[in-house]
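Contents: one structure, followed by commentary.
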Amino acid sequence: MNTTTQSSVARPWFSLENHQPIAAWQSKTAVVVGGGLAGATVAYRLAQMGWKVTVLEMQGAVSQQASGNLAGAIHPLVTADWNLRSQFYAKGLESTLRWLQPWWKNGNIRGAQNGLMQLAMSATMVKRLQAGLEVMPENFAIWQTPQQASEQMGTLTKYGGLYFPQGGWVQPKSVVENCLSHDYIDVKLHQTVEDVQLLNMGANPKNDQAWRVLTATSHYDASVVVVATGALDARLNAKLQLPVRPVKGQVSHFGKSEINSALKTTVTHEGYSVCGDFGQASQVVAISGATFEAPNMTNHLSFASQQHNKTLATKALPNWLQSGDSECLAGNVGFRPTTPDHLPIFGEVPDWGWMAASYLQKNPSHAEHFYPKQRYQQGLYVSNGHGARGLMSAFLAADDIVNSLTGGASLLPETLRHAVHPARFAIRQWRKGLPQKNHHDQ
Ligand SMILES: Cc1cc2nc3c(=O)[nH]c(=O)nc-3n(C[C@H](O)[C@H](O)[C@H](O)COP(=O)(O)OP(=O)(O)OC[C@H]3O[C@@H](n4cnc5c(N)ncnc54)[C@H](O)[C@@H]3O)c2cc1C
């Protein structure tokens, strides 16, 4: 008799039953492609477990792309119905805080857990935040009136909002550098990865699963490869079937003479504003951002974007910035690696050939138990699509990937694990009877 229960065959395309962790005899070596937040956090977790990790970065320094901002805000995503995305980012925030709290305390990174004030800038937002407050975990947030919010932030606002005592800001680059300073991590710069290939090492079946990462000038072999290339390598992302689209953002920087007072908390409004110590060589004492400018792919600063950032900040915090047009254009441009469903993509990469034959070329309308369980490319992982909220997802992704490859259970409940699964976009198209998308066109 077939004893398979209905629940054990639900979503066979996301099943981990055929996933094989790295075996004890395999070398504890990994190549991580990409020296941003996603790559550096995985590299660090592996190094902490005694793995030798090589990080390959195409640019002349790490953390130059989306992870290159002076500061990013750390806060949960509040929705009225506490939906899948809110649940995911609440879980992500837990991981983020577990990583950052000791580093903030010891001064290993730049940033502060100075609380985050999320201002409700419209009647809809008031409703959403207040409904969210009802369903979010206890002690997560406090509702504040405009007067309380003004006192909390140290500057006037006419908006109320939610205050998250655990929120704050961090400088992504300082996290990346802290992670990559681990003795077991070797960073190779100017290494543009062109391909990742499975090596068949022949006679000894125990050697069969090893990966070769090819750059223009060299190659690197390892048991595990984690590809964390962010938004801009369309070719490699398409090869891994990742529908990642770059969304340009400009953050504005302000010096002491451009603000009236330092904010006491991190603030989100229709953008976000942070005051702090961003680096000794830097004259910048405040930042505010960020624009969303897709499909603009130019990587230079613009006065129009700076004006946009100032307008958003001034609408929320009318007394914070000095008035008047500044001659000075200062800030940073980066490209967020976004996905169609605004959730990241992480985990072991499915065996795409097997998947095409077993699902995508089959009739999509059978009951789920009709289909076999997903197969994976053992030891090949991705961490990408961290979008506009990478500070609340990259740490969780790193924890979960390292757990997976060392044989631990996923840190995510099934619904959330499915929601970030690398196969989800292809599966959704197929189950709806739609043609597969060409990810170069995303
Ligand atoms: C303007 C802006 C504001 C933001 N604000 C916030 C915020 O307030 N809060 C928040 O949580 N998040 C924020 N984010 C999002 C967050 O910064 C990103 O989600 C995160 O930095 C993504 O990290 P990543 O490592 O995936 O990508 P990246 O930092 O882009 O890293 C990818 C790296 O891979 C390298 N690479 C690419 N292709 C190759 C290749 N073929 N070979 C070798 N190396 C390669 C790149 O050079 C790059 O260094 C913001 C992003 C932007 C742009």
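Please treat every number below as a calculation from the coordinates, not as lab data. This one's a predicted model, so the numbers in the text were calculated from it and none came from an experiment. Using ideal geometry, Cβ is built from the backbone for each residue, glycine included, and neighbour counts are taken over all protein chains shown.
Tabulated data
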{"item": "Label-point separation in nm, Asn299 to Ser27, each point 7 Å along Cα→Cβ", "result": "3.3"}
{"item": "The chain: Cα Rg divided by the 2.2 N^0.38 Å rule of thumb", "result": "1.01"}
{"item": "In degrees, nearest ten, helix 84-106 long axis to first principal axis of the chain (Cα)", "result": "70"}
{"item": "Added length on full extension, which subtracts the Cα-Cα distance from 0.36 nm per residue, Lys239 to Leu189", "result": "15.8 nm"}
{"item": "Unit charges on C-beta of K, R, D, E only; dipole of the chain, Debye", "result": "560"}
{"item": "The chain - share of DSSP beta bridges that are antiparallel (%, nearest 5)", "result": "70"}
{"item": "Ordering of 252-261, 305-314 by burial proxy (mean other Cβ atoms within 10 Å per residue, highest first)", "result": "305-314, 252-261"}
{"item": "Dipole moment magnitude, nearest 20 debye, segment 64-136 about Cα centre, only Lys, Arg, Asp, Glu C-beta charged", "result": "140"}
{"item": "Gain in span if fully extended, Ala356 to Ala330, counting 0.36 nm per residue against the direct Cα distance", "result": "4.6 nm"}
{"item": "Hits among lysines - C-alpha to C-alpha of Lys28 under 26 Å, sequence gap 8 or more where chains match", "result": "Lys52, Lys188, Lys206, Lys239"}
{"item": "Taking segment 334-442 and dividing mean pair separation by its residue count, relative contact order in percent (alpha carbons under 8 Å, at least six apart)", "result": "37"}
{"item": "Whether segment 244-364 is rounded, prolate or oblate, judged on the alpha carbon gyration tensor where a/c under 1.5 counts as rounded", "result": "prolate"}
{"item": "More than 22 Å apart - percent of Cα-Cα pairs taken over segment 319-435", "result": "48"}
{"item": "Cross-link pairs Lys127/Lys158; Lys264/Lys310; Lys248/Lys310; Lys91/Lys310 - those with Cα-Cα distance over 21 Å", "result": "Lys91/Lys310"}
{"item": "Within segment 207-292: Cβ-based charge dipole about Cα centre, in debye rounded to nearest 20 (Lys, Arg +1; Asp, Glu -1)", "result": "180"}
{"item": "Cα-based helix-to-principal-axis angle, 123-135 vs the chain, degrees rounded to 10", "result": "60"}
{"item": "Segment 62-136: chymotrypsin sites (Phe, Trp or Tyr not before Pro) in DSSP coil with no more than 14 other Cβ atoms inside 10 Å", "result": "none"}
{"item": "Order of Trp320, Trp51, Trp143 - criterion: other Cβ atoms within 10 Å of each residue's Cβ, fewest first", "result": "Trp143, Trp51, Trp320"}
{"item": "Dipole of segment 264-394, positive direction: furthest Cα of Leu317, Pro350, Gly334, with charges on the beta-carbon", "result": "Pro350"}
{"item": "Degrees, to the nearest 10: 394-405 long Cα axis against longest axis of the chain", "result": "20"}
{"item": "Förster radius 30 Å - calculated FRET efficiency between Thr124 and Ser257 (Cβ-Cβ, nearest 0.05)", "result": "0.25"}
